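Everything on this sheet refers to the single structure shown next.
FYI, it's all coordinate maths here, none of it is from the lab. Nothing here was measured: the structure is a model prediction, and the numbers come from that model. Cβ: placed from backbone, ideal geometry, glycine included. Neighbour counts: every protein chain shown.
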Amino acid sequence: MSAAVSTPALSSTPLPAAPAWIISRRDDLTWFIGSALIGYLALALMWGGFPVFPIQVIWMLGVDGPHVLATVTRTYFDRQARRELGPALWIIVPFMLAGPIAGLFGQLSLFFLFAVCWQHFHIVKQHYGFVMLYKAKNKERDKFDLKLDRWFLIGSLWVPLAGFVITTRAWLQPWSGMAWQGAVVLYLALAAFWIGRQAQKFNRSEPLNLPKIGLIAAVVPLQWLAFHHAAANGPDGIIRAAIALGLFHSLQYHRLLYFHNKNRYGVPEAQERNGLAARISQRAWVYMAVAIGLNFLLSILPVALSPARDMAVAATWGFAFTHYFLDSKIWRVQGNRELAAALRL
């Protein structure tokens with residue numbers, strides 16, 4: 001999911017007394033919030049000296065790669081979505097050519113930096129999308145809190161990445177020291193203000209949006225720890241941050257997409273209207289088998305068999321770019337009653 005998820009317009013309605021969840025308390029705490037623990041575990045293992053490669057293989061083969069290709073289940077495999085998206089589905093062609101073209105001009109390093117930044121932008125959008133879902137579910141309509149949550153979350157997720165780029169790119173360091181220190185000071189002030197706002201609401205006995213707070217509390221420390229660890233390992237340390245953050249992000253996405261698919265394609269007319277998507281989305285093991293199989297066939301196998309591995313990896317980034325692009329279109333709730341119904345909004 002990406003930013004993602006846009007929600008209905010906010011108005012002034014008091015929060016409900018009991019927290020409202022996207023799926024259920026158990027599912028949300030397990031997949032949307034608690035899955036951050038997998039990221040913390042991976043980070044702890046890498047920090048403790050455990051080899052990165054086996055963790056990376058599990059991440060790529062079983063979690064992250066399949067989550068990218070899982071988007072196929074509600075786009076390319078969905079007859080109705082193909083009609084609605086139309087020519088946008090062909091964006092995969094230039095996206096797959098972008099990396100190899102950059103390689104021909106000797107710019108693969110710059111291409112991979114761009115790819116990682118877009119990947120991170122996508123992750124930020126997804127977390128913000130979940131925050132907005134929790135705000136919609138819990139009828140949290142205060143416009144001041146909306147802006148504060150937005151800027152605190154965005155700052156919490158972007159400032160650590162900026163620190164990593166600054167500390168690992170020599171050409172940025174001569175002029176970036178004061179800028180980085182200023183950004184950290186501003187961020188700490190924003191964090192203190194956000195925490196103070198939650199304390200103020202608690203002292204006033206105003207209802208707190210606990211699912212939203214739980215999600216933010218799970219992702220923000222992970223973000224800072226992941227990029228601190230990455231920076232300590234130089235430019236190549238980015239893969240360490242990507243593993244820790246990507247595990248959390250991908251598990252969230254898998255659960256939300258399967259929840260959506262099961263609801264969307266569970267109605268009697270779905271097979272006729274949506275085609276193959278409806279037939280593979282009613283059982284979790286079938287959904288995961290399709291996602292893992294597509295990832296192996298389209299991403300892992302071509303790289304393994306290619307004599308020019310870096311160029312092959314650059315080409316397969318096209319699947320991720322397509323995932324980011326399509327996600328920005330297919331998760332817009334506002335004005336889409338069918339999507340809102342599938343997400344139980």
Quiz item: For the chain: lysine pairs with Cα atoms under 20 Å, gap of 8 or more or different chains, count?
Solution: 23
Quiz prompt | For the chain: relative contact order, % (alpha-carbon pairs under 8 angstrom, 6 or more apart) | solution = 41 percent
Quiz item: Full extension from F144 to R332: what is 0.36 nm times the residue separation minus their Cα-Cα distance, to one decimal in nm?
Solution: 65.4 nm
Quiz prompt | Note, ³J(HN,Hα) from phi for the stretch 194-202, Karplus 6.51, -1.76, 1.60, rounded to Hz, x at Gly and Pro | solution = 5, 5, x, 5, 5, 5, 4, 5, 5
Quiz item: Could you give me the ³J(HN,Hα) list for the stretch 183-191, computed from phi with Karplus coefficients 6.51, -1.76, 1.60 and θ = phi - 60°, whole Hz, x at Gly and Pro?
Solution: 5, 5, 4, 5, 5, 4, 5, 5, 5
Practice problem: Find how much the distance from V184 to R273 grows on full extension, using 0.36 nm per residue of separation minus their present alpha carbon separation; answer in nm with one decimal. | Solution: 26.9 nm
Quiz item: To the nearest 500 deg cm²/dmol, what mean residue ellipticity at 222 nm is calculated for the chain from DSSP H runs of n ≥ 4 alone, each contributing -39,500 (n - 2.57), summed and divided by the residues?
Solution: -22500 deg cm²/dmol
Quiz item: Mind checking the alpha-carbon convex hull of the stretch 18-67 and giving the volume per residue in Å³?
Solution: 76 Å³
Self-check item: Rel. contact order, % - alpha carbon contacts under 8 angstrom, at least six apart, the stretch 48-202
Solution: 13 percent
Quiz item: Sorted by mean Cβ packing within 10 Å, highest first, what order do the peptides 221-228, 336-343, 113-120 take?
Solution: 221-228, 113-120, 336-343
Practice problem: Rounded to the nearest 0.05, what FRET efficiency do A304 and L97 give with R0 = 25 Å and r taken as the Cβ-Cβ distance? Could you check? | Solution: 0.75
Quiz item: For the stretch 122-153 and the stretch 187-266, what is the separation of their Cα centres, given in Å?
Solution: 11 Å
Quiz prompt | Projected label distance in nm at W158 and M288, using a 7 Å step from Cα toward the beta-carbon | solution = 3.6 nm
Practice problem: Between A341 and L110, take the C-beta separation as r, use R0 = 30 Å, and let me know the FRET efficiency to the nearest 0.05. | Solution: 0.10
Quiz item: Roughly speaking, what is the stretch gain from R25 to R197, that is 0.36 nm per residue apart minus the C-alpha to C-alpha distance, in nm to one decimal?
Solution: 59.5 nm
Quiz item: In whole Å, how far is the Cα centre of the stretch 279-298 from that of the stretch 22-97?
Solution: 12 Å
